[in-house]
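Trainee: For reference, the structure I am asking about is given below.
The values are calculated or read from the model by the stated rules, or taken from the named source; none is laboratory data. Worth saying up front: this structure is predicted, and the values here are computed from it rather than measured. Please note: Cβ atoms are built from the backbone with ideal geometry, for glycine as well, and neighbour counts cover all protein chains shown. SASA here: full protein model, heavy atoms, side chains in, ligands and nucleic acids out. Shrake-Rupley method; radii C 1.70, N 1.55, O 1.52, S 1.80 Å.
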Amino acid sequence: MSLKENVSYIKEEIGQEEKMLEGLIRFEGWFRRYKTLLLSALALLVALWVGLEGYGWYKEHQAQKASALYERLLKNPTDAALAQELQKSGSELYELFLFHEASQKSDTEALGALQGSKNEIIASLASYQIASLSKDSQKLEAYTQKEGVLFGDLALMGRAYLLMQEGKIEEAKVALDKISVDSPIKGVAKFLEHFTAKGGAR
């Protein structure tokens, strides 16, 4: 390498280092200007993350506690203190317990109160149970006509069975035909249809 090439190379290297140093100085100035804002945003993000993690842990802990209370209450349903503690927890398991107890005792009054539950499943279960306990095919039919029922196919099956017992075979077949094709109880419905074709039984 000639002296001229060496000097040119050194100037080029120094120029690159100057540019890098100039960039660092600009960044430092920018950082000093916005340091408080950046650190505040970082602290806020960390606090938010810690808060969300803490809230998630708290909700999980409450759910586990309510689940343990529910299990104990099923084993000892007459324990009023346990029932009150589960109710205070705000868990939907309390209404599930009430439904369980009302179903066990065929308590249509308690089931009627549960029809107004905010939990769709419990409300639908209570409505279905009332219609089923009535052993009235018209009430089962009325249940299936409600919007958003969860146990409509099961109610149709119960209606068909009651109609068969009353000797109303054609009406029973119509009820069984209404059961949706993809329903898990469609196989049982087919069996009942064949059973009705042979005259049914009382």
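Trainee: Within the range 97-106, is there a residue that is surrounded by fewer than 21 Cβ atoms within 10 Å (Cβ to Cβ), more than 30 Å from Ala80 (Cβ to Cβ) and touching a helix residue (DSSP H, G or I) at 6+ places or on another chain (Cβ under 6 Å)?
Mentor: no
Trainee: Then there's this: Regarding Ile121, is this residue open to solvent by less than 40 Å² (accessible area, probe 1.4 Å) and aliphatic (A, V, I, L, M)?
Mentor: Working: open to solvent by less than 40 Å² (accessible area, probe 1.4 Å): no; aliphatic (A, V, I, L, M): yes.
The answer is no for Ile121.
Trainee: Restricting the search to the range 77-96, which residues are open to solvent by 50 Å² or more (accessible area, probe 1.4 Å) and not in a loop (DSSP other than H, G, I, E, B)?
Mentor: Ala80, Ala81, Gln84, Glu85, Gln87, Lys88, Glu95, Leu96
Trainee: Additional query: Could you tell me whether any residue of the range 192-199 is open to solvent by 20 Å² or more (accessible area, probe 1.4 Å) and hydroxyl-bearing (Ser, Thr, Tyr)?
Mentor: no
Trainee: When both residues are 6+ apart or on different chains and their Cβ atoms are under 9 Å apart, which pairs have a first residue that lies in the range 46-64 and is at negative phi, and a second that is open to solvent by 100 Å² or more (accessible area, probe 1.4 Å)?
Mentor: Between residues of the range 46-64 that are at negative phi and residues that are open to solvent by 100 Å² or more (accessible area, probe 1.4 Å), there is no close pair.
Trainee: Considering only the range 57-71, state which residues are among the aromatic types (Phe, Trp, Tyr) and surrounded by 15 or more Cβ atoms within 10 Å (Cβ to Cβ).
Mentor: Within the range 57-71, the subset among the aromatic types (Phe, Trp, Tyr) is 57-58, 70.
Matches in the range 57-71: Tyr70 only.
Trainee: Right, here's the next one. Listed residues Tyr161, Tyr143; which is assigned to a helix (DSSP H, G or I), of a type in the set (Ser, Thr, Tyr) and open to solvent by less than 30 Å² (accessible area, probe 1.4 Å)?
Mentor: Tyr143
Trainee: Okay, moving on. Please work out if Leu74 is open to solvent by 60 Å² or more (accessible area, probe 1.4 Å), over 20 Å from Ala102 (Cα atoms) and in a helix (DSSP H, G or I). Break it down stepwise before answering.
Mentor: Working: open to solvent by 60 Å² or more (accessible area, probe 1.4 Å): yes; over 20 Å from Ala102 (Cα atoms): no; in a helix (DSSP H, G or I): yes.
Judged against the criteria, Leu74 is not a match.
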